[in-house]
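Single-structure report; data block below.
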Amino acid sequence: MANTMQFDLVSPERSLASLQASAVQIPGADGDMTAMPDHAPTITTLRPGLLKVEAPEGSSEYLVTGGFAQINGDSLSVLAEKAIPVGEVTRSQLDDLIAEARASHEEAKNGDDQTIVDDAAKLLADMEALGTHMSL
């Protein structure tokens, strides 16, 4: 299909999606971006956020906590640190992710390498914003 591309989403726990997609909104570390068929080849890192997939069969959303996306024009592969279909996310899971981010931030503030403190603070803010966005 000329107006779709192969989309694959995997995490260390499982493969979450392998389908033809017409557009995928990616929560990139430098800002959201939408990949569509014939997109320029790109590799980007992910920040915590919602990955939204539009396909001929319908739309789907996944909570991702980070990882990488590789766009090759006719395909998009996402390797997520953690990925959960939005319909499966519970408040408890989100609280656990926020607690992990908070612990990383505290560890960064108390560590010898102060250059990562801002990154850890951004991660924590992104995780907390996800709960608000998802109304959990």
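Bear in mind that the values in this text are calculations on the coordinates, not laboratory data. Predicted model, so just to flag it, every value in this text is computed and none were measured. Here the Cβ positions follow ideal geometry from the backbone for every residue, glycine too, while neighbour counts run over all protein chains shown.
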Tilt relative to the chain, helix 91-110 - C-alpha long axis, 0 to 90 degrees, to 10: 50 degrees
Using a Förster radius of 25 Å, what is the FRET efficiency between Thr90 and Ala129 based on their Cβ-Cβ separation? Nearest 0.05, please. 0.90
When the Karplus curve 6.51 cos²θ - 1.76 cosθ + 1.60 is applied with θ = phi - 60°, which whole-Hz ³J(HN,Hα) does each residue of segment 68-74 get, with x for Gly and Pro? 9, 10, 10, 9, 10, x, 9
What FRET efficiency comes out for Asp112 versus Asn3 if R0 is 35 angstrom and r is the Cβ-Cβ distance? Round to the nearest 0.05. 0.10
Between Ala55 and Ala103, what is the spin-label point distance in nm, taking each point 7 Å from the Cα along the Cα→C-beta axis? 3.4 nm
Alpha carbon centroid spacing (whole Å) that separates segment 93-122 from segment 1-29: 28 Å
Kindly express, to the nearest 10 degrees and within the range 0 to 90, the angle between helix 117-133's C-alpha long axis and the longest C-alpha principal axis of the chain. 60 degrees
Can you list the GluC sites (Glu not before Pro) in segment 42-136 that are in a DSSP coil and have 12 or fewer other beta carbons within 10 angstrom? Glu57
